[in-house]
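Below is one structure, written out as structure tokens; the observations come after it.
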Amino acid sequence: EAAASLLSSGSLTLNPESREALVAGHPVDLTKREFDLLEALLRNKGRVLGREQLLDSVWGYDFPGETNAVDVYIRYLRAKIEDPFGEKFIQTVRGVGYIIRD
């Protein structure tokens, strides 16, 4: 039952209940925002999510900042879940947003 709630793509696994992120079995320490952003991308795997969409779902409608907050956090995520492992999970769709494909 618990396994059903896991979100994954390749060697990346996210457990929304325990808020754990693993890459190739290694725990990765993510902030709340980083986790929420990654979770939103994984829940919509195969779909391109625009910056506005991500801001709404992760930061909330009343977020006063710029949409580049999304880009900044994508960079943080890549530094934590991709670079150390030589993996690529998050793809940039120019002018649109981001996607995780299986």
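So is Asp29 surrounded by fewer than 17 Cβ atoms within 10 Å (Cβ to Cβ) and touching a Lys or Arg at 6+ places or on another chain (Cβ under 8 Å) or not?
In short, yes.
Residue by residue through region 59-75, note down the ones that are at pLDDT 95 or above and surrounded by 16 or more Cβ atoms within 10 Å (Cβ to Cβ).
Passing the criteria: Tyr73, Ile74.
I want to confirm something. Restricting to region 88-102 and keeping residues that are modelled with pLDDT of 95 or more and not in a strand (DSSP E or B), which single residue is most open to solvent (accessible area, probe 1.4 Å)?
Going through the qualifying residues, I end up with Lys88.
Would you confirm, using the coordinates I've provided, whether Glu39 is touching a strand residue (DSSP E or B) at 6+ places or on another chain (Cβ under 9 Å) and either open to solvent by less than 70 Å² (accessible area, probe 1.4 Å) or within 15 Å of Tyr76 (Cβ to Cβ) (or both)?
It is true that Glu39 is touching a strand residue (DSSP E or B) at 6+ places or on another chain (Cβ under 9 Å) and either open to solvent by less than 70 Å² (accessible area, probe 1.4 Å) or within 15 Å of Tyr76 (Cβ to Cβ) (or both).
The values are calculated or read from the model by the stated rules, or taken from the named source; none is laboratory data. Quick caveat: nothing in here was measured; it's all calculated off a predicted structure. As a convention, Cβ positions derive from the backbone with ideal geometry for all residues, glycine included, and neighbour counts pool all protein chains shown. Surface accessibility is based on the protein's heavy atoms, side chains included, excluding ligands, DNA and RNA. Shrake-Rupley method; radii C 1.70, N 1.55, O 1.52, S 1.80 Å.
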